[in-house]
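All remarks here apply to the structure that follows.
What follows draws every value from the coordinates through simple rules; no lab data is involved. Not measured: the values here are computed from a predicted model. When we count neighbours, we look across all protein chains shown, and the Cβ atoms used for this are built from the backbone with ideal geometry, even at glycine.
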Amino acid sequence: NAGVTQTPKFQVLKTGQSMTLQCAQDMNHNSMYWYRQDPGMGLRLIYYSASEGTTDKGEVPNGYNVSRLNKREFSLRLESAAPSQTSVYFCASSEASPRGGRGGYTFGSGTRLTVV
Amino acid sequence: ELKVEQNPLFLSMQEGKNYTIYCNYSTTSDRLYWYRQDPGKSLESLFVLLSNGAVKQEGRLMASLDTKARLSTLHITAAVHDLSATYFCAVVPKNYGGSQGNLIFGKGTKLSVKP
């Protein structure tokens with residue numbers, strides 16, 4: 001059981017270049033999320049997808065687009081990268097009803113993106 | 001504006017000591033999560049608290065939730081070096097409803113346990 005898989009793990013872009021971050025989950029979760037993490041800022045929600053075929057903006061959507069390709073996959077695209085988008089990006093998915101304990105949201109291992 | 005505030009943001013402890021991390025949030029929520037993050041790693045789920053008065057314990061960590069006060073605590077008992085990490089609390093605002101709730105994170109508490 002792989003959980004949430006993100007690719008790539010590391011990426012360096014030049015300002016103005018584009019790229020797509022890939023995320024896939026194998027837990028049959030309906031909801032998927034993209035967060036960015038910056039030092040001292042916690043994690044901030046970029047976009048989310050409550051179910052296949054729907055996407056919505058989060059707290060910091062500017063400069064990003066997303067695609068929920070199917071139930072498993074949720075991609076994040078930077079059309080024209082800027083230095084302010086240097087960050088660590090986490091994809092997550094969630095189950096319908098958290099059962100308590102540790103449950104609810106599962107995070108990928110992250111993508112470290114540097115824009116120069 | 002929805003806020004999730006943790007304090008302290010930095011905590012340096014000696015091994016064997018006890019301490020508490022606090023998480024206050026500004027909106028109605030009945031789901032609160034605690035995560036641990038080691039440097040350069042992803043987030044590891046520690047606890048999910050689903051109701052007022054909920055208390056969960058695992059090892060040297062105990063988490064509690066008071067939804068009326070909009071406060072959660074993460075208590076560390078007899079700290080050991082292996083607990084050094086950054087701890088995040090996160091809430092799901094109640095008005096999002098159901099399974100589509102989005103986690104709103106605090107800024108994290110960086111814990112350093114020294115011998």
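Structural descriptor for chain B: relative contact order 36 percent, calculated from alpha carbon pairs under 8 angstrom and at least 6 residues apart. Here's the list of lysines a cross-link from A:LYS57 could span, going by alpha-carbon distance under 25 Å and ignoring same-chain residues fewer than 8 apart: A:LYS9, A:LYS71, B:LYS3, B:LYS94, B:LYS107. Within the straight-line cut-off of under 18 Å between alpha carbons, the lysines reachable from B:LYS110 are B:LYS17, B:LYS41, sequence neighbours fewer than 8 places apart in one chain being disregarded. The Cβ shell under 12 Å around B:ALA54 holds other residues with a net charge of 0, Lys and Arg each +1, Asp and Glu each -1. Eigen-decomposition of the gyration tensor built on the alpha-carbon atoms of the protein assembly as shown gives equivalent ellipsoid semi-axes of 29, 21, 15 angstrom, largest listed first.
Counting only DSSP beta bridges with both residues in chain A, the antiparallel share comes to about 90 percent.
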